[in-house]
Amino acid sequence: MSTPEEQAPANDADRRKAAEKRIASQRAFVRYLGTWAIVSIILIGIWALSGRGYFWPIWAIGGMGIAALFMALGSYGPSAGPPSEERIQAEMKKMQ
């Protein structure tokens, strides 16, 4: 069941605003993935240089992974807003 906020925007200005918000969310997700990778490499480097005992970086890497999952769902998931007309047409062509 969709709420009024999840329904398709009524006019071009609303659609444009929704599209800009969706694109910004997707870009933020990609930036977060880069940050996650860099932080993971740094933590693994610290772990490797400190004696390679218990693999403690997994806790930070896993926590950031859970955050990435929720960001991906927010950016690309079903509540990410209505798809563009171009995307609808592309999906319809796939179904033929």
Quiz item: When only alpha-carbon atoms count, how far does the stretch 12-78 stretch along each of its three principal axes, as whole angstroms with the largest first?
Solution: 59, 18, 9
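Any idea what the dipole of the stretch 12-78 comes to, in debye rounded to 20, about its Cα centre with Lys/Arg Cβ at +1 and Asp/Glu Cβ at -1? Don't skip to the answer; put the middle values down first.
Details: 8 positive and 3 negative charges, 28 e Å.
Dipole about the Cα centre, nearest 20: 140 debye.
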Quiz item: With the dipole of the stretch 12-78 worked out from charges on the C-beta (+1 for Lys and Arg, -1 for Asp and Glu) around the Cα centre, which of SER40, ILE61, ALA18 lies farthest toward the positive end?
Solution: ALA18
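Any read-out appearing in this document is the output of simple, stated calculations on the displayed coordinates, not a laboratory observation. All of these numbers come straight from a predicted model, not from anything done at the bench. So basically every Cβ, Gly included, is an ideal-geometry build from the backbone, and we count neighbours across all protein chains shown.
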